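Remarks on the structure that follows.
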Amino acid sequence: MAKRHSAARHKSKLVTVSNRLPVTLRRGPRGTERVRSTGGLVAAFEPLLEDRGGLWVGWPGTDLRDGETLSDPGDAYQIEPVQIPRADIKGYYHGFSNRALWPLFHTMPVRASFRTSEWEAYERVNGRFAETTAANLEPGDIVLVNDYQLMLTPARLRRLAPEATIGFFLHIPFPPYDVFRILPWARQLLRGMLACDLVGFHVSGYVRNFLDCVHRLLGDKVDVRRGIVQHGHRTVRAVALPLGIDYARYEDQARQAPSAGFPEDQRVILGVDRLDYTKGIPERLKAFGRLLELHPEHRQRTTLLQLAVPSRSEVAEYRSLKREIDELVGQINGRYASASWTPIRYLYRTVPPDRLAALYRGADVGLVTPLRDGMNLVAKEYVACQVGDPGVLVLSHMAGAAETMAEALLANPYDLDDTAMKLHTALTMLLPERHTRMEALRQREAEHDVHSWAHKLMQRLTAAAKQNRKAEGS
Ligand code: ADQ
């Protein structure tokens, strides 16, 4: 198990900057509610900041009223909200971030649309994030800017705080050159990131794509083997650091969780996702239907439990995806269900952590089949929760997680027959093989957990910044 790196040992403050905060404010008829944000980024950074303290800069999801704050003095870390003018939210968030960058970076360019007014809103809002961050910086602080919504923030921040240690971590894939160059503002984004001392990605393929784009679009000198870009007088390091989870927390939760309550006579296949077209939920449902068609022996005794947390429902495409999933569930259940058995159970909601741990623990198969995914933490959470009779992980080779989770059954999510075949293999795998595969997966995730990831990231970032400061001084 990786060691915890406690707050007391850190002199410099960690400032995490991300679009969303770990809490979102929602105003409704019952007043203002503080809602816990769901998603991979919060899952990664919350334990880190709880562990070492610091400041989280982000958007609270709504306008704050006079005197309203998000921090309590007793909290392990402080929260600094960024106010985004209403007029810019649509262009910056729903528009440029989620209709241009998100599909393009997941190599789905036909879903992407590019509007100059949305780009301009993105530029303005990135400037605001930089201003709020700069206003809260003290000498020696370490700033870590996160994700595709804030790719220009490092350059804006560098102008305001030339000496600052600035890192950037991209949580989604970095696409290949032929896809990236479709973006009309591709060069500006690269320059935004290259104001950092270090840029981090989940896997080495994304680092290679990034370096290739930097070289071909900006003409900068790039050392691919060492992951170094010479950008003006700055030396920028590009590194692959696969994100892990708070393994011990998931494992503990799974040990303590009450029973999932699955029927004794059912094998359960579990899918857990934000409702997003990159997660391949329709394809997964169809692959399960294919399994029932090709292998009737699984009928009556196997259930697919699909959880989907509502996401980005302001974007029309996400609403039509929801309708598509509703219809598919109806079709497959209509075709195969009997009076005593429903093949697919579909829950469209957030599930509390202890319940999620129980479901992960009880599921015979974890089915994680995104069409494209930066990493995918669900695969890791499933593995951490396998504290009893070991289940089997079926994992898309299009997820970053597939680069390290070699003992999973890897499937092509676009190929329904392949996914159905992997499901059949998982459902019929004997205990010794399940045990061997799961133990190897668990050991790796326990060792490379979020604490060890954060420790490495901080070490690499401070070393890179030190070298840049030294070079500037000489
Ligand atoms: P996401 O696209 O949000 O993250 P992922 O890594 O799978 O994807 O994380 C989803 C998180 O949401 C998990 O912690 C999961 O437990 C939680 N979750 C999903 N459905 C839920 C439900 N119904 N109820 C409760 N919790 C639910 C982005 C990238 C990923 C990358 C992460 C972190 O797209 O590729 O792994 O950031 O870098």
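The values are calculated or read from the model by the stated rules, or taken from the named source; none is laboratory data. Keep in mind it's a predicted model, so treat the numbers as computed, not measured. Every residue, glycine as well, gets a Cβ built from its backbone with ideal geometry; the counts of neighbours run over all protein chains shown. Only protein heavy atoms, including side chains, enter the accessible area calculation; ligands, DNA and RNA are left aside. Shrake-Rupley method; radii C 1.70, N 1.55, O 1.52, S 1.80 Å.
Numbers for the structure displayed
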read-out	value
Matching entry among 423, 427, 410, 431 (being hydrophobic (A, V, I, L, M, F, W, C), more than 16 Å from residue 285 (Cβ to Cβ) and touching a Leu at 6+ places or on another chain (Cβ under 8 Å))	410
Some residue of the stretch 192-203 being under 30 Å from residue 417 (Cβ atoms), open to solvent by less than 60 Å² (accessible area, probe 1.4 Å), in the same structural domain as residue 461 (by TED's automatic domain parsing) and not in a helix (DSSP H, G or I)	yes
Wholly enclosed helices (runs of 4 or more DSSP H) of the stretch 82-149 bearing at least 3 residues more than 20 Å from the chain's Cα centre (by Cα) and among the acidic types (Asp, Glu)	116-135
Leading residue by the ranking (surrounded by the most Cβ atoms within 10 Å (Cβ to Cβ)) among those in the stretch 66-81 that are at pLDDT 80 or above and not in a strand (DSSP E or B)	77
Per-region count, the stretch 263-277, residues in a loop (DSSP other than H, G, I, E, B), touching a strand residue (DSSP E or B) at 6+ places or on another chain (Cβ under 6 Å) and either open to solvent by less than 20 Å² (accessible area, probe 1.4 Å) or over 15 Å from residue 428 (Cα atoms) (or both)	1
Subset of the stretch 221-254 [hydrophobic (A, V, I, L, M, F, W, C) and within 20 Å of residue 469 (Cβ to Cβ)]	228, 229, 236, 238, 239
Test for residue 340: is it within 16 Å of the ligand (Cβ to nearest atom), farther than 30 Å from residue 443 by Cβ, touching a residue at least 12 places away in the same chain (Cβ under 8 Å) and of a type in the set (Ser, Thr, Tyr)	no
Total residues in the stretch 236-262, condition more than 30 Å from residue 168 (Cβ to Cβ), in a helix (DSSP H, G or I) and within 15 Å of the ligand (Cβ to nearest atom)	3
Given (1) more than 16 Å from the ligand (Cβ to nearest atom); (2) closer than 30 Å to residue 344 by Cβ; (3) of a type outside the set (Lys, Arg), index of the condition residue 223 fails	(2)
Qualifying position, being in a loop (DSSP other than H, G, I, E, B), in the same structural domain as residue 135 (by TED's automatic domain parsing) and in contact with a strand residue (DSSP E or B) (Cβ under 7 Å, 6 or more places away or on another chain), among 62, 32	62
Failed criterion for residue 462 (all others in (1) in contact with a Pro (Cβ under 9 Å, 6 or more places away or on another chain); (2) farther than 28 Å from residue 290 by Cβ; (3) among the β-branched types (Val, Ile, Thr) hold)	(1)
Filtered residues of the stretch 304-320 (kept if farther than 22 Å from residue 366 by Cα and in contact with a Phe, Trp or Tyr (Cβ under 7 Å, 6 or more places away or on another chain))	312, 317
The stretch 278-312, subset within 14 Å of the ligand (Cβ to nearest atom) and of a type outside the set (A, V, I, L, M), residue surrounded by the fewest Cβ atoms within 10 Å (Cβ to Cβ)	310
Number of positions in the stretch 350-376 that are at pLDDT below 95 and either open to solvent by less than 30 Å² (accessible area, probe 1.4 Å) or within 6 Å of the ligand (Cβ to nearest atom) (or both)	2
